[in-house]
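A quick write-up on the structure given underneath.
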Amino acid sequence: MGSLPALLFVASISIAQAAPAPEQPLAPEAIAVAVQQLGAGDFEIRQRATAFLWQAGRVTEPALQRASDSQDAEVRLRARSILDDFRYGVFADTPEEVAALVRRYRHAESKSREFLWPQLLSQASIETLVAIITNEPNGDRRQQVLDRLERDGD
């Protein structure tokens, strides 16, 4: 088996390549408007802006990073939530049941994570699993993903 840093490097390249790209390049103005709308007074506008930014994918990360420090708590919360999805490998093309599992796992206490982990291991893509383990302090879980990477790579 290869070294952990080398496997994580190869896997991180796979994640970067697997992240969905918008069909057409988004104008920076469209992203800026959507970020501003994260704090709109109308709930539906906030929801549409959140969905737009999440579905656009990683291209929105710089704007979301700036928004994650906003003085507006709603903007800050929504921007951080989208960034957390990206960090944990949840994108617009992630199956909804896997996205829901990842989000539950992300917010769960250790005991609940123990229950959710086997489901993630069997349902999530390698790219999503690698994204999760880059944020996972549990060495046994990291090793399980590396074992699966090695097995699936053969």
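The values are calculated or read from the model by the stated rules, or taken from the named source; none is laboratory data. Bear in mind that the values here come from a model prediction, so they are computed numbers and not experimental data. Neighbour counts run over all protein chains shown; Cβ positions are idealised from the backbone, glycine included. Protein only, heavy atoms only, side chains kept; ligands, DNA and RNA dropped before computing areas. Shrake-Rupley method; radii C 1.70, N 1.55, O 1.52, S 1.80 Å.
A few notes on this one:
- Any hit, segment 92-103, residues being under 11 Å from the mean Cα position of the chain (by Cα) and among the polar types (S, T, N, Q): yes
- The residues in segment 45-59 that are open to solvent by 50 Å² or more (accessible area, probe 1.4 Å), under 14 Å from the mean Cα position of the chain (by Cα) and either within 11 Å of Leu83 (Cα to Cα) or among the basic types (Lys, Arg) (or both) can be counted, and the count is 1.
- Residues that are in a loop (DSSP other than H, G, I, E, B) and open to solvent by 100 Å² or more (accessible area, probe 1.4 Å), drawn from segment 60-92: Asp69, Gln71
- Condition check for Glu29: open to solvent by 50 Å² or more (accessible area, probe 1.4 Å), out of contact with any helix residue (DSSP H, G or I) (no Cβ under 8 Å at 6 or more places or on another chain), under 21 Å from Glu127 (Cβ atoms) and modelled with pLDDT of 90 or more: no
- Just one residue in the set Leu101, Leu116, Leu146, Leu64 is in contact with a Lys or Arg (Cβ under 9 Å, 6 or more places away or on another chain) and over 20 Å from Ala34 (Cβ atoms); that residue is Leu116.
- Entry remark, segment 120-148: residues being open to solvent by less than 40 Å² (accessible area, probe 1.4 Å) and of a type outside the set (Lys, Arg) number 13 in total.
- Total residues in segment 93-119, condition surrounded by 12 or more Cβ atoms within 10 Å (Cβ to Cβ) and either basic (Lys, Arg) or in a helix (DSSP H, G or I) (or both): 15
For every residue, the table says whether it meets (1) over 22 Å from Gly39 (Cα atoms); (2) at pLDDT below 95; (3) polar (S, T, N, Q).
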site: Ala79; (1), (2), (3): no, no, no
site: Ser110; (1), (2), (3): yes, yes, yes
site: Ile126; (1), (2), (3): yes, yes, no
site: Ile133; (1), (2), (3): yes, yes, no
